[in-house]
Amino acid sequence: MQAIGNPEYPYNIYLVGVGGQGILTIGEIVSQAVNLQGIPVNFYPTKGMAQRGGFVKAQLRIGKDLVGPAIPEKGAHLVLAMERSESLKAVRYLKPGGDFLLWDYIWAPTAVMLGQAFYPELEVVKEQVQTAQGKFIVVSPSLLADFEGNPAPDNIFLLGIALRRTSLGKVVTFSAVEEALKNRFKRFTSRNLFALKAGYNLEL
Amino acid sequence: MSKEIVTGNEALALGALRAGAKVITGYPGTPSSEAIGFLLSHPELWKEKGVHVEWSTNEKVAFEIAAGAAWAGQRALVTMKMSGLNVAFDSVISIAYSGINGGLVIYVADDPGVSAGMAEQDTRGFAFMSDLPMLEACSVKEAYLLVPKAFELSEKTKSPVFLRLTTAVSQSHAPVELELPYYLPLEREILLERDIQKYTKAGALICMAQHRDLIQRLEKSKELVREMRLNELSLSKKRGKLGILASGVSYSYLEEGLLLASQFGLDPEEVSILKVVSVNPFPEEEAKLLLENSELILVLEELEPYMEKNLILLAHKLGLRRKIVGKLDGTLERIGDYSVREVLFGISAALGLKIPPELFYGIQAEKLAAPRPITVCAGCPHRGTFMAINNGIRKAGFKKDQVMVTGDIGCTILGMNPPFNTVWNEVSMGASIGIAQGYVHAGINSPVIATIGDSTFFHAGIPPLINAIQYQVPLTLIVMDNGWTAMTGMQFNPGTSEKFLPQGSRRVDLEKLIPGLGVENFWVVDPYDYRKMSEIILKALKLEGVKVILARRECAIQAMRRGERTGKVQVNPEKCTLCKSCLTITGCPALSIGEKAMEIDQTLCNGCGLCLFTCGYKALEREEA
C-alpha cells in the first residue's frame, strides 16, 4: 500500500510542541538551511492563540517549488515533538516507516496537575507510533547538555539529535544548519552552535 | 534579485513597496497582521522614501485613509483580517461607487480551518456584493508577484481591488526572488479634484449614475484580466475527460493530488486545469474552454461554492450539460481548510476511482492527549481582573451563573476558560458593551458586567459606551488596559505608552477619555492590587448607572521582554501545605506542584503577587523588585 508522501513528493516534517519551547525556531532554522542549499521549501507554522503554553504546530515541506502548505495524513517523513502529550497530535501525520523523534518533556496543563485530567504515559505514545508503523526515538530532557554552566537551548539540541538520528540528515547538511544558526542568532551564536553539536554527538 | 525566505504577509508588504505604494494602513488581525508588522520593524525599507505606514484605530479608519490617498492619486494598500472587512465595508461600498484615481489594494486574509478563532467567513462574497475585482494568490511567491498586478488593475479600472490570501498562504514562509530595489518610487501627481457627481452620494441621480459606472468598471476589468493573463488554463493533451477549476491554496495541492490519483487509474493527460486568480471577474472565456474540453468538471475552492455557482451558470448559458463536482453535489465540504485529501477525494468522486480509505486517514492518537485549554500568561494583569470579578460577584451576594459578564475580542476573552470561567460570550470588536445593554433592557435583575481590552475599546467600544451613557444603562464596564494589542502579536495602539509609539505620535489616554464622555463613577485600578480591584468591583455592582473601571497594568509579556519584573515570589516550603489553592484559583503557568511544596518557575514568574492572595498559610512570599 503506497501512502501519501512517497519519495516523489517533498520531504515533510511535522513539528509539534507547546508555545515558548522554540519548536517554530527549529522550523525556521531548517527552512533557512534548506534555502541555503538552494532547495525550495514551504514552512507553515500555526501559532494558535496563546503567546505561551498553548499547542503549537508547524509543517515543513522541502523539495518542491509549488506545494500545498499542509502535510497530508501519513505524509510526514519526520515528526519532531517537544512535549509528550502534544506529540500524540502528530502521530496521524507520520508516514509509515517515518521517524518520530520525541523530546520527552512533560508540560502538564493545570487540570492535569490538579488531578482533574489525565496525562498520557510514554508507553502510550510509543504504542501509537508503532501502530502508525513509525520509528520511535525518544530522548529524555535529562540528557540536555550544559553550556557554560547553564542548560543549552533544548530546541537546537534536539535539532542536532535529529540531524544524526533521523532521515533529516539526508535532506539538510550539518554545515547549512550551522550557517543558518549563525545568521539567525547574532547574539548567543556560540551557545546555539554548541547545542547543535552536542545534540549531534549525543550517544543514545 | 535577492532570494529570501519571507512569509505570505511579508511578501504582500514587499510587493506593495515594489509597486510604489505611498500609504499603507491596517488594523492587526490574525492571519494578516505581519504585513504591517514587517514594515514597521523595517523602516529602513520605506521611511526615507516618504512612505506612510500605520496601524490605524480600526479597519474602517484604515480603509478610509488608504482610499483618501488613492483619491488623491497615489497608490495605497490597506490590510485586515476578514472580520475587519465587515467593519470597513460601509466605506468600501461607497468608494466602490465613486471609484478612485490612484491605485487602491485591499488586502484581506481569510481563515478557513479557523487557526485564530472567529467565523469562517469567505470574503469573496464581498467582492461580488461590491462589484469590485478580487485576486487571490495560491502561494507566497504568487502573493509577491500579484501585488503590482493588483495595483495595475486598480489604476487602469479606477477601482479598488481586493487581494485575498488564506491562512495557509499568509502564514507560510517560502523563498521568494525579491526585486531590487525593494521600493520603486512612482511619479504620481497629487490630484485635488472637486466633483460632487463623483465624490458625494447626494441624490438618486448621482448614486445611480455611480452604480452604472461601477458595473462598467467591473466589465472593463474583465478585458484587462484577460490581457494580463492572470488566470491560467492548460488544456489536456489527449481528449479531455476531467476538467479541474482550482482557486487559491487549493491549486497548490493539485500536482500532488494528480500524481497520487494517477496511481489509481487517472490519466493526467486527460486532465485540463483552470487556475482562477481573478475570483471577480470570473474568467468566463477560459472557463468556457474548460467546459467545452471536458466531460466533467471538478471545482476546488475552500469555503463557499462561489466559483462552482459561476461555472454552473456559465454552463447553463452556453447550453453545455456537464457534470460538475464540488460542494453543491455534496462531494466536498464548505467547512474547514483543504489539503491534498480534498483534491484526491474530488478526483475520485468525479471519475469513480477506487481509492482505499486508509490512504486518507491516519490513526487518531490525538484523542489520547491531555486537554490544554489556553489561559492567560504568567503575570498577566487580566488574571487579577478575572479573579476580582469572581470575588466581587460573590461578595455582592450573587452566584456566578446569575451575573452576566460579556466578553470581547482579544486576550481578555481568555477569562472564559478555567480556572476563572468568568466571561460568557464573544461576538465582535466592541460588542461586549452593546450586548450588555441588551441584557439589561431584557429585564435581567442582577448586575451586568462588560469586559473589553484597550485596543478593542479604541476600535469599536466607544460608540456603545456613549450609547450606555446616553440612556444611563446600569452596567459595569471593565476596560482591561494592558497598553498593547497583545493577542495578535503585540502591536501598539492609541493607548500605548509614547515610549513605544512611532516618533511624533501622541498617546490617547483612556483615563481622560472615559470621564470626558460623562462617566461619573470611574476608577483606575491596578489589577495586581487584588483587594482594591475586588472592592471597587463590589462597589460598582451596587451603584446605579454606568460605571467604568479602568484596570490598568502593562502586558506582562511586554514588560518581561524588556527584563522588567515587579518582584520575586517564592514558596516557603515550611509553610506550604500543598493545598493547591494558588493553582486552583490563579491557574498561573509559573506554578507547579512539587513533592513537598508548590514550586514556582522563576523564568516565567514576574512577581505579580496575585497568588499571594489565594494562600491561607502565608506560604508565598514576595519581594518588591
### Query
What is the one condition in (1) part of a helix (DSSP H, G or I); (2) among the polar types (S, T, N, Q); (3) in contact (Cβ under 8 Å) with a residue 40 or more places away in the chain that B:SER159 does not satisfy?
(1)
### Task
Enumerate the pairs (first residue in segment A:133-146 and of a type in the set (Phe, Trp, Tyr); second residue anywhere and at pLDDT 95 or above and in a helix (DSSP H, G or I)) with beta-carbon separation below 7 Å, excluding pairs fewer than 6 apart on the same chain, so at least 6 apart or on different chains.
A:PHE136/A:LYS126; A:PHE136/A:VAL129; A:PHE136/A:GLN130
### Query
Where residues in segment B:157-181 are of a type in the set (D, E, K, R) and surrounded by fewer than 24 Cβ atoms within 10 Å (Cβ to Cβ), which of them is nearest to the other protein chains (Cβ to nearest Cβ)?
B:GLU177
### segment A:110-130, residues that are among the polar types (S, T, N, Q) and in contact (Cβ under 8 Å) with a residue 12 or more places away in the chain
A:GLN128
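Conditions tested, residue by residue: (1) in the same structural domain as B:GLY15 (by TED's automatic domain parsing); (2) closer than 28 Å to B:LYS47 by Cβ; (3) aliphatic (A, V, I, L, M).
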position	(1), (2), (3)
B:SER115	yes, no, no
B:ARG124	yes, no, no
B:VAL147	yes, yes, yes
B:SER154	yes, yes, no
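A quick yes/no check of all residues on (1) in contact (Cβ under 8 Å) with a residue 24 or more places away in the chain; (2) buried (at least 19 other Cβ atoms within 10 Å of the Cβ):
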residue: B:LEU538; (1), (2): yes, no
residue: B:VAL548; (1), (2): yes, yes
residue: B:ALA556; (1), (2): yes, yes
residue: B:VAL569; (1), (2): yes, yes
residue: B:LYS575; (1), (2): yes, no
residue: B:LEU578; (1), (2): no, no
residue: B:SER581; (1), (2): yes, no
residue: B:CYS588; (1), (2): yes, yes
### Message
If a residue counts only when it is of a type in the set (Val, Ile, Thr), farther than 24 Å from B:VAL140 by Cβ and modelled with pLDDT of 95 or more, which helices (runs of 4 or more DSSP H) contained entirely in segment B:1-106 have at least 2 such residues?
### Response
B:59-71, B:82-98
### Task
List every residue pair whose Cβ atoms sit under 7 Å apart, with the two residues 6 or more apart in sequence or on different chains, where the first one lies in segment A:164-183 and is over 17 Å from A:PHE100 (Cβ atoms) and the second, anywhere, is at pLDDT 95 or above and aromatic (Phe, Trp, Tyr).
A:PHE174/A:TYR200
#### Entry: Filter result (within 11 Å of chain A (Cβ to nearest Cβ) and part of a helix (DSSP H, G or I)) within segment B:133-156
B:VAL140, B:LYS141, B:GLU142
### Query
Any chance segment B:340-362 includes a residue that's within 14 Å of chain A (Cβ to nearest Cβ), acidic (Asp, Glu) and free of Cβ contacts under 8 Å to residues at least 12 places away in the same chain?
yes
### Query
How many residues, within segment B:352-363, are part of a helix (DSSP H, G or I) and either in contact with a Ser or Thr (Cβ under 8 Å, 6 or more places away or on another chain) or loosely packed, with under 11 Cβ neighbours inside 10 Å (or both)?
1
### Task
Taking the residues in segment B:327-351 that are touching a strand residue (DSSP E or B) at 6+ places or on another chain (Cβ under 8 Å) and not in a loop (DSSP other than H, G, I, E, B) as candidates, determine which candidate is surrounded by the most Cβ atoms within 10 Å (Cβ to Cβ).
B:VAL343
### Summary
Note: among A:GLY17, A:GLY27, just one is more than 11 Å from chain B (Cβ to nearest Cβ) and either closer than 25 Å to B:GLY257 by Cβ or part of a strand (DSSP E or B) (or both), namely A:GLY17
### Message
So for segment B:111-118 (the condition being within 14 Å of chain A (Cβ to nearest Cβ), within 20 Å of the chain's Cα centre (by Cα) and not in a loop (DSSP other than H, G, I, E, B)), does at least one residue qualify?
### Response
no
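The values are calculated or read from the model by the stated rules, or taken from the named source; none is laboratory data. Predicted model, so just to flag it, every value in this text is computed and none were measured. Cβ atoms come from the backbone with ideal geometry, glycine included; neighbour counts cover every protein chain shown.
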